[in-house]
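The values are calculated or read from the model by the stated rules, or taken from the named source; none is laboratory data. Since the structure is predicted, the reported quantities are computational estimates derived from the model, not experimental observations. Heads up, the Cβs are rebuilt from the backbone with ideal geometry, glycines too, and the neighbour counts pull from every protein chain shown. The accessibility values were calculated without ligands, DNA or RNA, using every heavy atom of the protein model including side chains. Shrake-Rupley method; radii C 1.70, N 1.55, O 1.52, S 1.80 Å.
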Amino acid sequence: MTPNRALIPALLVACILAVFTACLLGSTPMPIDRVLLALFGSGEVADQIVVWQIRLPRALAAFATGAALGISGAGLQGLLRNPLAEPGVLGVSASASLFATFSLYYGLVALSPWVLPIAAMLGALAATALIALAAIKTRSVVTLILVGVGISAFAGAAMSLLMNLAPTPFTLSDMINWMLGSVANRSFRELGFAAPFIIGGGAILLTSRRGLSALTLGEEAASGIGLNLRNQRILTVLGAGIATGGSVALAGAIGFVGIVAPHIVRPFVGHDPARSLIPSTLLAGLILVLADIGVRILPTVNELKLGVVASLIGAPAFIWIAMGRRAIHD
């Protein structure tokens, strides 16, 4: 069995073990036998509540968030032919966060617990629509990046303005907590809301994966062998935008995992963007599950936010990737 064929099964097993470990660990660790009994619907009622209502949905939410960011990052890196590309480069994450912050600022979340994730999803779809429109009207990937940077900058400035004008300290605290990113207290209902978007966006990226392989030859060569560049850009942007929107709706803004996971996977798949999609999905999900386990077991007074931990891990990795890329070009 070649390393490439062994990669996906190995990652699948690691993901399952990580989710199971997440059910074992927490503020009060549980023995394996009690967790197994709870998972199969027997054992003590308290154990079943802890596993099925707290730990398992939280672990699955972390995995789903990472998976969405991983496949989006791999798709965008293939489209833009840049290993430093990630979902945030299109401004989707920032736009989703802006709409969520807007709902917090005006107290709309008091109307229903669904207002926040719906607002985040609407923000992601709005940014995705703008980027898709740019993909239709332009032939340059540089223009797509610039539009995404513009959307991200505007959304960031608008969020800063809302925080500056926050009517109460409690509103400001809610905004900041959302922007830091977390899967704490997530339920299967919230996971069920985000899952169709994450799965749908991932499916779009998978259906367009052959075009990503063709783009490694360059745009002119890919076009010469029959690739419709405009359709490829639209499908990749839509898939990444929808999946990223689902992840932000579920967990808030979490950065860098969409860069790091595809970069780690790339050498094991022959640097083929199409073959990196599924491994990047699994690895990014695994990274966030492990990071969330660390968040829960660290002996801190207040639980750290998952987005903070992901950035602390991902930012040095981002610098390492960027420096390595420069060294290659030099």
Coarse-grained scattering of the chain at q = 0.06, 0.12, 0.14, 0.15 Å⁻¹, given as base-10 log I(q)/I(0) from a Debye sum over alpha-carbon atoms: -0.21, -0.82, -1.09, -1.22
P(r) weight above 14 Å for segment 3-44, C-alpha pairs, percent: 58 percent
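Roughly how big is segment 118-272's charge dipole about its Cα centre, with Cβ charges of +1 (Lys, Arg) and -1 (Asp, Glu), in debye to the nearest 20?
With Lys and Arg at +1 and Asp and Glu at -1, about 260 debye.
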Size-normalised alpha-carbon gyration radius of segment 76-209, reference 2.2 N^0.38 Å: 1.13
Segment 284-298 and segment 50-105 have their Cα centres apart by a whole-number Å value of 15 Å
Convex hull per residue volume in Å³, alpha carbons only, for segment 159-251: 132 Å³
Sorted on mean Cβ neighbours within 10 Å (highest first), peptides 201-208, 134-141 come out as 201-208, 134-141
Let me spell out the model: positive unit charges on the Cβ of Lys and Arg, negative unit charges on the Cβ of Asp and Glu, origin at the Cα centre of the chain. What dipole size does that give, in debye rounded to 20? 640 debye
Is the C-alpha gyration tensor of segment 1-140 telling us rounded, prolate or oblate? Criteria: a/c under 1.5 is rounded; beyond that, a/b larger than b/c is prolate, otherwise oblate. oblate
So what is the accessible area of segment 1-157 per residue, in Å², with the probe set to 1.4 Å? 45 Å²
Given a 1.4 Å probe and every protein chain left where it sits, what share in percent of the accessible area of segment 1-97 is carbon and sulfur? 71 percent
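Are there DSSP H segments in the chain that both extend 18 Å or more along their axis (alpha-carbon positions) and score a mean Kyte-Doolittle hydropathy of at least 1.6? List them, or say none. Don't jump to the answer; show the numbers that get you there.
On the way: long enough: 3-24 (31 Å, 1.88); 56-80 (35 Å, 1.18); 92-105 (20 Å, 1.26); 115-137 (33 Å, 2.10); 141-164 (34 Å, 1.99); 188-207 (28 Å, 1.34); 229-251 (33 Å, 0.87); 273-297 (36 Å, 1.43); 306-329 (34 Å, 1.29).
The answer, listed by residue number, is 3-24, 115-137, 141-164.
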Going by the alpha-carbon gyration tensor, a ≥ b ≥ c the square roots of its eigenvalues, is segment 125-167 rounded (a/c under 1.5) or, if a/c is not under 1.5, prolate (a/b greater than b/c) versus oblate? prolate
How big is the C-alpha Rg of segment 59-134 next to the rule-of-thumb value 2.2 N^0.38 Å, as a ratio? 1.23
Among PHE102, ILE145, ILE264, the residue whose Cα sits farthest towards the positive end of the charge dipole of the chain, when +1 is placed on the Cβ of each Lys and Arg and -1 on the Cβ of each Asp and Glu, is ILE145
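Defining a contact as two alpha carbons under 8 Å apart and six or more residues distant in sequence, what relative contact order in percent does segment 1-98 show? Walk me through the intermediate numbers first.
Numbers: 48 pairs, mean separation 15.5, N = 98.
About 16 percent, as a whole number.
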Based on the Cβ-Cβ distance from ILE16 to ALA315, what FRET efficiency comes out when R0 is 30 Å, to the nearest 0.05? 0.55
Nearest-0.05 FRET efficiency for ALA110 and ILE297, computed from C-beta distance (R0 45 Å): 0.85
Quick check on packing: order 272-280, 153-161, 220-228, 295-303 by the mean number of other C-beta atoms within 10 Å, highest mean leading. 272-280, 153-161, 220-228, 295-303
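Can you figure out the FRET efficiency of SER173 with VAL142, using R₀ = 56 Å and their beta-carbon distance, to the nearest 0.05?
0.90
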